[in-house]
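Below: one structure, written as structure tokens.
FYI, it's all coordinate maths here, none of it is from the lab. Model, not experiment: these values are computed from the prediction. A quick note on method: Cβ atoms are made from the backbone with ideal geometry, for glycine too, and the neighbour counts reach across all protein chains shown.
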Amino acid sequence: MSAWIKMITDADAHGRLKDLLDHARTPHGTVDTVMRVHSLRPETMNGHVTLYRSVLHSDDNMLPFGFLEVVASYTSILNDCTYSLTHHFMNVRNLLRDQPRSDRIFVALKAHRPEDEFDGKDLALLRYAGKLTTQVGKMVKSDFEALKIAGCDDGEILEVNQVCAYFNYSNRLLNGLGCTTDGDQIGYYKGDEE
């Protein structure tokens, strides 16, 4: 685990911090830097874990988990957040189980050209996430209407809005505190049933 800010280790954690670190653990039994970086103010970790799980891992989501990971990755690319991109594009790769396709998606997203690999509703949602990330002050009703015309329902739009908003928050947390993936377990860890 590596960041510019001091982080409290498991061995030095007690009371509420210990409980919240345990709550933030991955199925690997580790606490990723993205959560441990909150250790000096544990309640922010609590809020972060709750937000992350509700946005990306909710059973209420209707869009495929793999596509939401693409949205997360694209947002992280636009914000130049290597930490989130490393974690979440590995999830895309593991979920797709198609190396050539995931390579093409990565190249398209890095070039800021999602249209090279996506079309229809998926492309409209990625364009929306792109504008929401890079030009948030210029969002207009026609951006929303374009999603409806592309066949998105309000729930799907909300899912992408929340994934994009969460990763804009997380990318700023990570880049602003100099977090790296050193010591993190990288990649998808949920069951194959997802």
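Bridgeable aspartates and glutamates around K18 (alpha carbons under 14 Å apart, same-chain partners fewer than 8 residues away excluded): D10, E43.
Just to be sure I understand the curve: with the Debye formula and one point per C-alpha of region 10-56, what is log10 I(q)/I(0) at q = 0.30 Å⁻¹? The Debye formula, applied to the Cα set alone, gives -1.24. A straight chain from Q135 to T180 at 0.36 nm per residue would run longer than the Cα-Cα distance by 13.5 nm.
Here the spin labels are modelled as points 7 Å beyond Cα on the Cα-Cβ line, and at H28 and K6 they lie 2.7 nm apart. Counting beta carbons within 10 Å around each of C152, C164 and listing the fewest first gives the order C152, C164. Computed from label points 7 Å out along Cα-Cβ, the spacing between T82 and S54 is 3.3 nm.
Here the Karplus relation 6.51 cos²θ - 1.76 cosθ + 1.60, evaluated at θ = phi - 60°, turns the backbone of region 60-73 into coupling constants of 7, 4, 9, 6, x, 4, x, 5, 4, 5, 5, 4, 4, 5 Hz, with x for every Gly and Pro.
Entry note, the chain: the mean residue ellipticity at 222 nm calculated from DSSP H runs of n ≥ 4, each adding -39500 (n - 2.57), is -19000 deg cm²/dmol after division by the residues and rounding to the nearest 500.
In this Cβ point-charge picture (+1 for Lys and Arg, -1 for Asp and Glu), region 54-194 has a dipole of about 560 debye about its Cα centre.
Rg over Rh for region 71-185 works out to 0.97, using Cα positions for both radii and the Kirkwood form for Rh. Amide H contacts of S2: T180, D182, each under 5 Å away and 5 or more positions distant or on a separate chain (H built 1.01 Å from N in the peptide plane; Pro and chain starts excluded). When F67, F89, F106, F167 are sorted by how many other C-beta atoms sit within 10 angstrom of their C-beta, beginning with the fewest, the order is F106, F67, F89, F167.
Angle of helix 154-176 to the longest C-alpha principal axis of the chain, folded into 0 to 90 degrees and rounded to 10: 50°. Checking the cross-link pairs K6/K138; K110/K141; K6/K131 against a 29 Å limit on the alpha carbon distance flags K6/K138; K6/K131 as lying beyond it.
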